[in-house]
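The values are calculated or read from the model by the stated rules, or taken from the named source; none is laboratory data. Remember, it's a predicted structure, so these values are computed and weren't measured experimentally. Here the Cβ positions follow ideal geometry from the backbone for every residue, glycine too, while neighbour counts run over all protein chains shown.
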Amino acid sequence: MLVFLKKYTDLTVAKKAILNEYSARSGKVCAIEYSESGKPYVIADGQQCSCVSISHTDGVLAMAFSQREVGVDIERADRKIKIKQCPDIESWTRIEAYCKMLGVGLSKSMLTSPIPDKGTSTRRVGEYVMSVCSEDESVEIVTLIDNICEE
Amino acid sequence: MVLEKLSKIVSDQLGMEQSKITMQTSLKEDLLADSLDIVEIIMAIEEQFDIQVDDDDALAFKTIADVVNYIESKS
């Protein structure tokens, strides 16, 4: 799994920059399309070539690529949360990443669903907190762009 | 009345002027509400109007009008 992080002022430009980086690494000309439910996926040569998840907040874009289903969520670490079922923003990102991996909309019932520990990782990235959830249990590689510091 | 109370909830959640929230306002495109905003807004709606918002119904909300109509149908 590859996770790219990029600060942005123009989201479309930032997505394209990350996609170009991923294309260069994969050796294919990749594009992102969306299923009927709105779930993104990566295509190359007219066929799906990998899974992708996209999250952005407050000028930071995260895109996670994997050969297996993947979900990512990034939030500001100091964002306050007013949901009883979620003690902190870290918990929220884990739920959101899990829902995105499953391709389901986030709902109240998902707030109380057990999130698999295996395949879900949460980390602090500078002023942000990010969770990734994937069926791909291989070592994750986080590529840092534009000096977003990982703690 | 429902629109006024709902727009106050949305305005408080998103930090925007209440007067800018109309029936035609789109939750995602106009308000730029993310998933966390929407879940918190729905929970505030449940508390304010003493109703339960069904998950499947909530996923279908696109505009303020959708939400107002839903609240009125439940009241």
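Scanning segment A:54-73 for residues being crowded, with 23+ Cβ neighbours inside 10 Å and more than 11 Å from every other protein chain (Cβ to nearest Cβ) gives a total of 8. If you go through segment B:19-63 and pick out every residue that is away from chain A (no Cβ under 14 Å), surrounded by 15 or more Cβ atoms within 10 Å (Cβ to Cβ) and not polar (S, T, N, Q), you end up with 4. How many residues does segment B:17-50 hold that are more than 18 Å from A:LYS82 (Cα to Cα) and not polar (S, T, N, Q)? Number satisfying all stated conditions: 10. Of all residues assigned to segment A:130-147, none qualifies as being at pLDDT below 90 and within 14 Å of chain B (Cβ to nearest Cβ). For beta carbons closer than 8 Å, sequence separation of 6+ or different chains, a first residue in segment B:38-61 that is within 19 Å of B:LEU3 (Cβ to Cβ) and a second that is part of a loop (DSSP other than H, G, I, E, B) and small (Gly, Ala, Ser), the qualifying pairs are B:ILE41/B:ALA33; B:PHE49/B:SER75; B:ILE51/B:SER75; B:ALA58/A:SER107. In segment A:101-110, the count of residues that are away from chain B (no Cβ under 14 Å) and more than 16 Å from the chain's Cα centre (by Cα) is zero. Could you tell me whether segment B:2-9 includes any residue that is farther than 20 Å from A:ILE95 by Cβ and among the β-branched types (Val, Ile, Thr)? Within segment B:2-9, one or more residues are farther than 20 Å from A:ILE95 by Cβ and among the β-branched types (Val, Ile, Thr). When the test is whether a residue is more than 13 Å from chain A (Cβ to nearest Cβ) and modelled with pLDDT under 95, B:MET16 passes it. Here A:ASP88, A:ASP10 are screened, and the one residue that is of a type in the set (Asp, Glu) and away from chain B (no Cβ under 14 Å) is A:ASP10.
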